[in-house]
């Protein structure tokens, strides 16, 4: 299906609106990652619960935007006579007049920058949560004696005695 110049511009405008929504979504995601890390460090369960709820609500509403973007991409790929996998903003940029080309370039640059920042923030969050899990595991091992930990205990006279088979907490009744 071939589009006229004005139809193509109209579809590009629709795509730009959806991509601007994507930009706002990525910015909100960056903010949520920062909030997640802060809440984990502060051990703020209430804030983590609120964050989880807001992420669930936002992901449900964002699905519509994703569907719209894919629909517009299919139409534009068809208009540019290429497969959906080959359709990129760079390819679209090359097929447009100067004014629309600048708009697409602006969005492409913003998306590229935000996605790079999102990758870094995602990695930082993964590192923090991995460290928390490792620390919790070590703490549980030392408190409950999981694995072969060596524990130093004191008897009533203050003498030390090593008990390699027992943790701080005895799980036997």
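Read-outs: derived from the displayed coordinates by stated rules, not from any lab. What you are looking at is a predicted structure, and each value in this text was computed from that prediction instead of being measured. When we count neighbours, we look across all protein chains shown, and the Cβ atoms used for this are built from the backbone with ideal geometry, even at glycine.
Here are the numbers:
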| quantity | calculated |
| --- | --- |
| Single condition residue 106 does not satisfy, out of (1) assigned to a helix (DSSP H, G or I); (2) crowded, with 16+ Cβ neighbours inside 10 Å | (2) |
| Qualifying residue in segment 49-61 (condition: more than 19 Å from the chain's Cα centre (by Cα) and either without any contact (Cβ under 8 Å) to a residue 12 or more places away in the chain or closer than 22 Å to residue 124 by Cα (or both)) | no |
